[in-house]
Amino acid sequence: MVTDRLRIALQKKGRLADDSFALLKSCGLRFAIRGGGLLARVKNMPIDLLLVRDDDIPNFVANDAADIGIVGENVLVEEQLVAKTKLDADIAMRLGFSRCKLSLAAPDIGMVKSAKDLDGTKIATTYPGVTAKYLSVRGIDAKLVEMKGAVELAPSIGIAQSICDLVSSGATLEANGLTAFETILESEAVLIRSARDLSPAKADLLAKLMNRIDGVIKSSETKYIMLNAPKSQVAAITALLPGSDAPTIIPLAGSDDLVALQAVCTENIFWETLEDLKALGARAILVLPIEKMMS
Ligand code: ATP
Ligand code: ZN
């Protein structure tokens, strides 16, 4: 690409869009998404956002319409499988949001109960690439009915005996009398890029952006915990803290046997952990979010 502004392809509208925008904003990018524009300019950095349908993102990155992109892994894998030649677009980083599964599902009352029953049946899907690969790897002889949407209706109108579709909570399946019986692919949002060399300026900017994304992801999972504890229990309490390094121990004014303990926990702290800490004698337990991290 001739411009020296880093171009990021993003879903314009849909289930990936808001979290993608929020992630970039947390990384310090300032921009506004308005109306029907295809390009949004980042005001404080040499970055442009290309706002498109998610299915186009892998191809745009592969064909140099964008330098990098944020897309569901499910879409990346599908576009790779249906492409005539291998797309030059690979995962540079996993982003941890938009988690979902591509699953096989069938009517609760029907002949298909498991993958073993699929031979000779029809499967409706918007993911022909991934579904066909699954069938061929297992030697299952089923026909695909390719649809562009509303796949969950296919069994009830008699055009297929099962479906292969995205599932997150399972509510849509349930509402249509369907049950998932096999997961084909687990997916989350991923940052993709091509193997092309970027200009030194863009490469620097991308490295900086990825560093910030890493910091945002880590800090969202990381908590700061503060508590008071009997000195005798410090070792037992430290052992309970999920993913923490050596804690800071501070004497408490006017107390010989109590200390204040502070630690960064890189994993989620659940209510159960707090209850266990309390049982060991910890008091005044505070769990605080961490806004930014850089190591
Ligand atoms: P487009 O108009 O851009 O083609 P779409 O209708 O294909 O959009 P969406 O429904 O917005 O796609 O989903 C985009 C991506 O979000 C999916 O490919 C998947 O990676 C992820 N996703 C899908 N369903 C969910 C869900 N229920 N929860 C979280 N993420 C999901
Ligand atoms: Zn799409």
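Every read-out reported here was derived from the displayed coordinates using simple, explicitly stated rules and does not represent laboratory data. Everything numeric here is computed off the predicted structure, so don't read it as measured data. When we count neighbours, we look across all protein chains shown, and the Cβ atoms used for this are built from the backbone with ideal geometry, even at glycine.
What the phi angles of segment 18-23 give under the Karplus curve with 6.51, -1.76 and 1.60, with θ = phi - 60°, is a coupling list of 5, 5, 5, 4, 4, 4 Hz, glycine and proline written as x.
Once the Cβ-Cβ distance between residue 19 and residue 257 is put in as r, and R0 is 51 Å, what FRET efficiency do you end up with, to the nearest 0.05?
0.60
Determine Rg/Rh for segment 222-289; Rg is computed over alpha-carbon atoms and Rh is the Kirkwood hydrodynamic estimate from the same atoms. Answer for segment 222-289: 0.93. Each principal axis of the Cα cloud of segment 1-110 was evaluated for its coordinate range; sorted largest first, these ranges are 56, 31, 27 Å. A cut-off of 5 Å between modelled amide H atoms, ignoring neighbours fewer than 5 places along the same chain, links residue 9 with 50, 67, 68, 69, 70. Straightening the chain between residue 246 and residue 286 buys 12.6 nm, computed as 0.36 nm per residue apart minus the Cα-Cα spacing.
Over segment 1-151, what relative contact order in percent results from Cα pairs under 8 Å that are six or more residues apart? Reported relative contact order: 20 percent. Rounded to the nearest 10 degrees, the inclination of helix 128-138 to the longest alpha-carbon principal axis of the chain is 90 degrees. Calculated on the alpha-carbon coordinates, the convex hull of segment 145-295 measures out at 202 cubic angstrom per residue.
Listed peptides 230-237, 69-76 appear in the order 69-76, 230-237 once ranked by packing, highest mean of other Cβ atoms within 10 Å at the front. Could you tell me what percent of the DSSP beta bridges with both partners in the chain are antiparallel, to the nearest 5? Bridges in the chain that DSSP calls antiparallel: roughly 75 percent. Counting beta carbons within 10 Å around each of 38, 277 and listing the fewest first gives the order 38, 277. Residues in segment 109-125 carry Karplus couplings, in order, of 9, x, 7, 8, 10, 7, 4, 5, 8, 7, 3, x, 9, 10, 10, 8, 7 Hz; the curve used is 6.51 cos²θ - 1.76 cosθ + 1.60 with θ = phi - 60°, and Gly or Pro positions show x.
As a length-normalised measure over Cα pairs under 8 Å and 6 or more apart, the relative contact order of the chain settles at 18 percent.
Kirkwood hydrodynamic radius computed over segment 46-123 comes to 15.2 Å, based on all pairs of distinct alpha carbons. Ordered by the count of other Cβ atoms within 10 Å of each Cβ, fewest first, 252, 10 give 252, 10. Listed peptides 208-220, 278-290 appear in the order 208-220, 278-290 once ranked by packing, highest mean of other Cβ atoms within 10 Å at the front. Converting the Cα gyration tensor eigenvalues of the chain into ellipsoid dimensions via √(5λ) gives semi-axes, longest first, of 43, 30, 15 Å. Legend: calculated FRET efficiency, residue 41 to residue 172, from the Cβ-Cβ distance at R0 = 35 Å, rounded to 0.05, equals 0.45. Using all pairs of distinct alpha-carbon atoms, the Kirkwood hydrodynamic radius of segment 100-187 works out to 12.5 angstrom.
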